[in-house]
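K.L.:
Below is a structure I'd like to ask you about.
The values are calculated or read from the model by the stated rules, or taken from the named source; none is laboratory data. Keep in mind it's a predicted model, so treat the numbers as computed, not measured. In this analysis, Cβ positions are derived from the backbone assuming ideal geometry, glycine residues included, and neighbour counts consider all displayed protein chains.
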Amino acid sequence: MLPPAGAVYDRGYRPYEGERGGRGASRAALVRVSIRRALGLRRSWRQKVLPWSLLAIATVPAVVNVGVKYITRNTPAADFDLITFREYVGVSTTLLLFVAITAPDMVCPDRRNRVLPLIFARPLTGNDYVLAKVGALTAILFAFSFLPQVVLFVGQMLVVQEGALDFLTENAEVLWQVPVAVALFSLYWASLAVAISATTQRRVVGGVALLATVFISGSVATTLVRAGGDGPATFVEGGNLWGLLSLIDTPLRTSDLVFLGHVDPESLVGGAAGAGIGVVLVYVAVVAGSLGYLLYRYRSVE
Amino acid sequence: MADDLLLRTDGLSLRYPGGTLALDGLTVDVPRGSVGLVGANGAGKTTLLRLALGQLRPTAGTIEVAGRAVADDPIGVRAHIGFMPEHDCLPPDQTAADVVATLGELAGLPPRAARQRASEVLDLVGLDEARFRPIGGFSTGMRQRTKLAQAIVADPEVVLLDEPTAGLDPIGREEMLSLVGRLAGFGISALVATHLLDDVQRVCDQVVMIDGGKLRHAGATQALLHRTGALRVEVNDGAARLAELLGAAGVAVTVLDDATLDVRVDGDGDDVVDLLRDGADDLGLALHAMTTRRTSLDELFVDEPR
């Protein structure tokens, strides 16, 4: 007769005598585990579809731009750019949907399923947890935003008429501007998204709350800018500082500062006096506020 | 520091911000092995476990786990401790193998070693067949065994088990107690927090009893049972008068009816027997029967004067 399912057998026990990492290893493991989960690795194919589809979608403009460059390389339209490196950082806003799904998935189940006491029984603190989650999402966003830029840069370099070396020389500034802008963009969305997600145990609520926050803030800012006069809000020359309230615009204006040294005059804040400083202050306030809230939220285990 | 101790506390107190005094000057040395931490709900058991994990800072006093002062490195000490919480704490959408391997990695094991260890310990707890199934489909017993597996995946020196048999049916309870009882043989000392004294009697060689944050008893389980027995005394009548006489002499007595009483015995009990014999004689009572019986931990816990 077969023993019942789940019976306990005496198979002995072997003590572990291999390598053990310290706290650094535990922190790195938390980042690694968070990245794996976000990318759907070691999970069912359904969890893999979204992240990898979005990466593919985010890369499409780069491929199209390179294709157009190739086709027009010997024509008067050779200098036409479908999209610039600066604008491509904005295209990465398509990743907002990915952020709205991934950030809640990173933190909400841990609280909902009460996994936190298990995590904090390891050599990890609330600070480690916050930095690992924000760091993991920042790293993924950076990769997903940076890789299409690499495709755009390398693709153009290979197909332009003047040759790769000339293209590289002419666009040397991009080599630092793109990583810096993309890093700032990624840190902004990762901090804000994880902070908003940490307010709830439900993933759906976290995602909706993030999208609502950024879109409502954008709508409010647009309305207030329009109320200030001077025509359609998105094309206000010398717009006003109410545009700073748009949380969805902040990382784009930060990119303006990296690439142009000033805020795009066709944006909500336009050429308003102090717009650049205002953007920097809003950026710092959002990131610092989000991280501060998260550190407070996870200051002690449940 | 004492390396041969599982736990040492000295004047350990913790008052929560709300004012509740969870532990009140607890001083105890607990040797390695299987140790039962017994107390009613709210006695301070879970608080003591959280202090051992460095998750709470004591209001006063010190605590050492496996010879390491928690205050010196409250985070690092966790590398040597496994913890099994009382409540459900496993993600239902992940497999047992993934959860245990992940928690092994978080304890500092390299990824490949963590997966290997997860496989071994899940095999050990009887989940070899089920380890690739989502935990959401597990029975309570399988979940408890998964929780135990994650606690020992990194081969800790000490595991803190909070109510390991909670919610289990008799078969699941037997399996869990069997596993807990084997931990000491693996070189893992276990501190088993429970309010089920029978569990402690069966698998723990040491017992620490706390009540209202204070120490009630600490020592070897068998010695405690041997030391604290009872005499069932039957007299022809006047049990109450005999009880009064014994009580005046400082002996704990429970009157069951007019002719029967239980007399608490500490140590070999010769002095109590002498007192009984002389007292019955003085009162003119006939001693019909006097039988010894060992006190279960339950009775000890309930009957002990506070």
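K.L.:
Would a scan of region A:97-117 turn up a residue that is touching a His at 6+ places or on another chain (Cβ under 7 Å) and within 13 Å of chain B (Cβ to nearest Cβ)?
P.N.:
Yes - at least one qualifying residue is present in region A:97-117.
K.L.:
Here is a follow-up. Out of all the residues in region B:99-138, which are part of a loop (DSSP other than H, G, I, E, B) and within 9 Å of another protein chain (Cβ to nearest Cβ)?
P.N.:
The answer is B:Ala107, B:Gly108, B:Leu109, B:Pro110, B:Val125, B:Gly126, B:Leu127, B:Asp128, B:Glu129, B:Ala130.
K.L.:
Assigned to a helix (DSSP H, G or I), more than 9 Å from chain B (Cβ to nearest Cβ), modelled with pLDDT of 80 or more and surrounded by fewer than 18 Cβ atoms within 10 Å (Cβ to Cβ), is that true of A:Val49?
P.N.:
Yes.
This table checks each residue for (1) crowded, with 23+ Cβ neighbours inside 10 Å; (2) at pLDDT 95 or above; (3) farther than 18 Å from B:Asp199 by Cβ.
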residue: B:Asp93; (1), (2), (3): no, no, yes
residue: B:Val100; (1), (2), (3): yes, yes, yes
residue: B:Ala114; (1), (2), (3): yes, yes, yes
residue: B:Ala130; (1), (2), (3): no, no, yes
residue: B:Arg133; (1), (2), (3): no, no, yes
residue: B:Thr146; (1), (2), (3): yes, yes, yes
residue: B:Ala149; (1), (2), (3): yes, yes, yes
residue: B:Glu163; (1), (2), (3): no, no, no
residue: B:Gly172; (1), (2), (3): no, no, no
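K.L.:
Has region B:216-228 got at least one residue that is in contact with a Ser or Thr (Cβ under 8 Å, 6 or more places away or on another chain) and surrounded by 12 or more Cβ atoms within 10 Å (Cβ to Cβ)?
P.N.:
yes
K.L.:
Also, I was wondering about something else. What is the one condition in (1) facing another protein chain (nearest Cβ under 8 Å); (2) buried (at least 20 other Cβ atoms within 10 Å of the Cβ); (3) of a type outside the set (Phe, Trp, Tyr) that B:Val153 does not satisfy?
P.N.:
Unmet condition: (1).
K.L.:
On the basis of being touching a Ser or Thr at 6+ places or on another chain (Cβ under 9 Å), part of a loop (DSSP other than H, G, I, E, B) and either within 21 Å of B:Asp29 (Cβ to Cβ) or within 8 Å of chain A (Cβ to nearest Cβ) (or both), does B:Ala79 make the cut?
P.N.:
no
K.L.:
Using beta carbons and a limit of 6 Å, which pairs, at least six apart or on different chains, have the first residue in region B:136-153 and of a type in the set (Gly, Ala, Ser) and the second one part of a helix (DSSP H, G or I)?
P.N.:
The qualifying pairs are B:Gly141/B:Gly172; B:Ala149/B:Val100; B:Ala149/B:Val121; B:Ala149/B:Leu122.
K.L.:
Take A:Ser26 and decide whether it is within 16 Å of the chain's Cα centre (by Cα), modelled with pLDDT of 80 or more and among the hydroxyl-bearing types (Ser, Thr, Tyr).
P.N.:
Here the answer is no, as A:Ser26 does not meet what is asked.
K.L.:
Next question, about the same structure. Condition test on B:Gly82, is it modelled with pLDDT of 95 or more and farther than 24 Å from B:Asp211 by Cα?
P.N.:
In short, yes.
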